[in-house]
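Notes follow the structure.
The values are calculated or read from the model by the stated rules, or taken from the named source; none is laboratory data. Remember, predicted model here, so these are calculated numbers, not experimental data. Counting neighbours? That spans all protein chains shown, and the Cβs are built from the backbone with ideal geometry, glycine included. Ligands, DNA and RNA are excluded from the accessible area calculation, which covers all protein heavy atoms including side chains. Shrake-Rupley method; radii C 1.70, N 1.55, O 1.52, S 1.80 Å.
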Amino acid sequence: MKLVPRLVLAATLTLSFATVNAKYVSAAIINYAFTVDSPVTKGNGFFSFDDSTFSDEDNPVATIKSLSFQFNGDSTVYTEKDDTKYPEFPLVFPTTFLTGQSLALDYLFNDKSNPSSSISYEIIGNDFTIFSRTSPDAKPISGKVSYTQIPEPTPLIGTLFACSLGWMMKRKVTSMKKVKI
C-alpha cells in the first residue's frame, strides 16, 4: 500500500521536471517578442507566424501573420500592414546569433506618427536602422534588435497540474499516516 503513493509522487515529480526542461515544440503558430534599442529611440513588439509556411529555399522565409510594434512614449502602433511591401512582407527567417539558433524579422516601415516625414525604419535580423528616404546625405542611425520566443501555455499548465497532483498526493499520504497512528 505504501508503494502506490510513492510511485504516484515519483511519476508526478518526473512529469513536472520533464515539462519544466522541455524545449519549445514546433507548433503551427509561433509567437515572438522583440525589442528595438537605438541611441534615438526604443520600442517593443510582438509577431506570430505559421511555421509550416516556411519556403523550401536555401534560406527559408515565412510571411508574418500578425505583427504589432510601438516605440516607447509614442501611441502609434505599427502592424504588418505598415510594411512598405505588404502583403509579401514582413518576413521571418531562421538565423544564428551569438546566443544560438533563433528567428529574425525583415520589416521596413515608414514613420506613421508624422506622415509628412521622410523617415523610415528597417529591421533586418538583429539590426535596426533609421534613415531618410529623400535625403541620401543624411546619416542613418543604427540600433539593435533582440528576440524572445513566447512559450506556449501547454508546458506551464502541465507543470502546474503535476505539482498540484503531487501536493494532493502528499496531503493524502500525510492524512493516512495520521489516521493509522
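For this structure, a couple of remarks:
- Residues in the stretch 27-63 that are closer than 15 Å to Y147 by Cα, buried (at least 17 other Cβ atoms within 10 Å of the Cβ) and of a type outside the set (S, T, Y): 7 in all.
- Given (1) open to solvent by 60 Å² or more (accessible area, probe 1.4 Å); (2) within 17 Å of the chain's Cα centre (by Cα), number of the condition L105 does not satisfy: (1)
- Of the numbered criteria (1) more than 17 Å from the chain's Cα centre (by Cα); (2) open to solvent by less than 40 Å² (accessible area, probe 1.4 Å), the one E88 fails is (2).
- Residue within the stretch 142-150 that is open to solvent by 60 Å² or more (accessible area, probe 1.4 Å), among the charged types (D, E, K, R) and assigned to a loop (DSSP other than H, G, I, E, B) present: no
- Check on D56, assigned to a loop (DSSP other than H, G, I, E, B) and within 19 Å of S120 (Cα to Cα): no
- Sub-6 Å Cβ pairs linking a first residue in the stretch 113-134 that is closer than 13 Å to D37 by Cα to a second residue that is outside any strand (DSSP E or B) and open to solvent by 20 Å² or more (accessible area, probe 1.4 Å), at least 6 apart or interchain, are T129/P140, ordered by first then second residue.
- One residue alone among S75, S68, S120 is outside any strand (DSSP E or B) and either in contact with a Phe, Trp or Tyr (Cβ under 8 Å, 6 or more places away or on another chain) or surrounded by fewer than 16 Cβ atoms within 10 Å (Cβ to Cβ) (or both), and that residue is S75.
- Subset tally (residues that are touching a strand residue (DSSP E or B) at 6+ places or on another chain (Cβ under 6 Å), polar (S, T, N, Q) and open to solvent by 40 Å² or more (accessible area, probe 1.4 Å)) for the stretch 123-141: 1
The rows are residues; the columns are (1) in contact with a strand residue (DSSP E or B) (Cβ under 7 Å, 6 or more places away or on another chain); (2) modelled with pLDDT of 90 or more.
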residue	(1), (2)
Q70	yes, yes
G73	no, yes
D82	yes, yes
G100	no, no
P115	no, no
I119	yes, yes
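- Some residue of the stretch 20-38 being at pLDDT below 90 and part of a helix (DSSP H, G or I): yes
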